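Enquirer: The structure under discussion is supplied below as structure tokens; questions concerning it will follow.
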Amino acid sequence: MISIEAVSKRYPDGTVAVDGLSLEIPDRSITVLVGPSGCGKTTTLRMINRMIELSGGRIVIDGEDIRQKPVNALRRSMGYVIQNAGLFQHRTIVDNIGTVPRMLGWSKAKARERSMELMERVGLDPAMAKRYPYQLSGGQQQRVGVARALAADPPVLLMDEPFSAVDPVVRRGLQEELLRIQAELGKTIVFVTHDIDEAIRVGDMIAVLRTGGKLAQYAPPDELLSAPADAAVEDFLGADRGIRGLSFFGTEALPLEHGAVVAVDATPQQIAARAPGHLPYLLVVGVDGRPLGWADAGTLRATGGRGDAAGLLPHGQTFRAGKDSLRVALDCAVLSPTGWAVAVDGEGRAVGVASQETIAAAVREAHARRGTAPVDVGAAR
């Protein structure tokens with residue numbers, strides 16, 4: 001547990017970066033600090049490891065005031081990841097990762113063994129061990145930065161906008177990797193970002209800060225989206241917060257139309273017996289059960305399967321039934337040329353389809369069970 005108790009930071013020129021901030025950061029969770037520029041996110045993070053000294057209040061970790069611990073020992077007990085990784089350009093990847101263990105007196109062989117273990121854990125090819133940072137992509141360098149922060153197995157990990165310098169695709173991959181590692185290791189992570197979508201994706205708790213380092217709201221991401229504390233927080237979350245909130249509703253109870261899925265080699269009689277007559281389109285799947293595309297229902301009932309994917313409309317993105325959220329399912333339906341989303345199992349085989357109307361009804365039901373106002377799903381179409 002990290003307890004931030006009425007912490008302030010005032011500079012000699014009178015600037016107040018953080019003003020009376022109090023937070024209880026849970027153990028073995030990811031707590032995200034988010035807010036506009038100048039709200040004190042990074043200042044707060046750096047006060048935890050005393051890169052910036054407090055002007056008032058105190059920070060307590062597991063019952064011990066951080067000012068009672070030698071600063072070097074404090075910093076070595078925490079992992080620290082920054083934007084652009086901050087690697088030593090003259091040192092190999094394996095030596096970069098082993099920096100803190102070597103400072104703690106580990107033997108070179110033990111530090112190297114730990115570095116190689118962590119390369120695999122963060123998804124880096126061990127063959128890269130003897131390369132230098134400039135020989136790696138931005139995303140790979142950030143993985144090295146995470147591995148270095150984990151090298152001495154610290155209980156606390158501080159991350160200051162670690163993924164903001166990479167492109168969106170790489171960024172999402174790094175977020176997924178962080179969540180996977182956290183599920184395995186259970187660190188106490190304090191994560192700074194200016195991106196509310198990133199905060200919602202990775203955070204167990206989110207602290208929204210106002211300019212001047214005042215706390216606006218501290219809540220789990222689903223509560224933050226469904227019940228912002230005031231107009232300022234609502235404005236910061238953006239106009240599409242209702243759509244973001246669908247990320248916390250699963251598709252386990254989403255009704256699927258199974259009869260709309262027909263095999264590529266099905267006969268007209270088989271299609272007529274299986275497919276409901278009211279459906280304008282049918283999803284054609286291959287012999288392996290994977291979707292090939294959409295076909296006009298009337299034509300398919302008359303002619304049977306086409307034998308291949310020729311002339312079919314694209315099936316669009318798919319969602320994993322019972323695994324992905326209603327937000328993913330809705331996005332698939334909105335982007336589909338037919339307005340229907342394709343549900344697949346863990347092997348990518350089609351198990352049914354769902355219309356925008358069906359998904360909208362599921363959203364209303366989910367909100368009713370939770371007792372919150374429903375999102376305007378129609379606005380997302």
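Enquirer: If I filter segment 310-335 down to residues being among the polar types (S, T, N, Q) and closer than 11 Å to P291 by Cβ, which single residue comes out as surrounded by the most Cβ atoms within 10 Å (Cβ to Cβ)?
Expert: Residues of segment 310-335 among the polar types (S, T, N, Q): 317-318, 325.
This time we only want the ones that are closer than 11 Å to P291 by Cβ, so: 317-318.
Working: Q317: 15, T318: 21.
My answer is T318.
Enquirer: Of everything in segment 147-163, what is outside any loop (DSSP other than H, G, I, E, B), over 19 Å from the mean Cα position of the chain (by Cα) and either within 24 Å of P126 (Cβ to Cβ) or hydroxyl-bearing (S, T, Y) (or both)? Give them in sequence order.
Expert: Just the residues of segment 147-163 that are outside any loop (DSSP other than H, G, I, E, B), to begin with: 147-150, 156-160.
Subsequent filtering for residues that are over 19 Å from the mean Cα position of the chain (by Cα) retains 148-150, 156.
Scanning segment 147-163 gives R148, A149, L150.
Enquirer: Under 7 Å between Cβ atoms, which residue pairs at least 6 apart in sequence (or on different chains) link something in segment 325-341 that is more than 19 Å from H258 (Cα to Cα) with a partner that is small (G, A, S) and not in a loop (DSSP other than H, G, I, E, B)?
Expert: Qualifying pairs under 7 Å: S325/S247; S325/G250; R327/S247; V334/A380.
Enquirer: Can you report the number of residues in segment 307-319 which are outside any loop (DSSP other than H, G, I, E, B) and either closer than 14 Å to Q270 by Cβ or at pLDDT below 95 (or both)?
Expert: So the count comes out to 1.
Enquirer: Next question. What is the residue count in segment 262-306 for residues that are surrounded by 13 or more Cβ atoms within 10 Å (Cβ to Cβ), of a type outside the set (A, V, I, L, M), modelled with pLDDT under 85 and in a loop (DSSP other than H, G, I, E, B)?
Expert: 3
Enquirer: I'm told L74 meets every condition in (1) part of a helix (DSSP H, G or I); (2) touching a strand residue (DSSP E or B) at 6+ places or on another chain (Cβ under 7 Å); (3) not basic (K, R) except one. Can you identify the failing condition by its number?
Expert: (2)
Enquirer: Given the criteria in contact (Cβ under 8 Å) with a residue 12 or more places away in the chain and closer than 25 Å to S164 by Cα, does R114 qualify? Lay out the reasoning, then the answer.
Expert: Numbers: in contact (Cβ under 8 Å) with a residue 12 or more places away in the chain: yes; closer than 25 Å to S164 by Cα: no.
Against the criterion (in contact (Cβ under 8 Å) with a residue 12 or more places away in the chain and closer than 25 Å to S164 by Cα), R114 does not qualify.
Enquirer: So, in segment 35-62, exactly how many residues are of a type in the set (S, T, Y) and within 18 Å of I189 (Cα to Cα)? Reasoning before the result, please.
Expert: Restricting attention to segment 35-62, the residues satisfying the condition of being of a type in the set (S, T, Y) are 37, 42-44, 55.
Checking the rest, the ones that are also within 18 Å of I189 (Cα to Cα) come to 42-44.
Selection size over segment 35-62: 3.
Enquirer: Can you tell me which residue among L174, L279, L224 is without any contact (Cβ under 8 Å) to a residue 40 or more places away in the chain, closer than 30 Å to Q140 by Cβ and touching a helix residue (DSSP H, G or I) at 6+ places or on another chain (Cβ under 8 Å)? Steps first, please.
Expert: Working: L279 fails: closer than 30 Å to Q140 by Cβ; L224 fails: closer than 30 Å to Q140 by Cβ.
One residue alone meets the criteria, L174.
The values are calculated or read from the model by the stated rules, or taken from the named source; none is laboratory data. Remember, predicted model here, so these are calculated numbers, not experimental data. Using ideal geometry, Cβ is built from the backbone for each residue, glycine included, and neighbour counts are taken over all protein chains shown.
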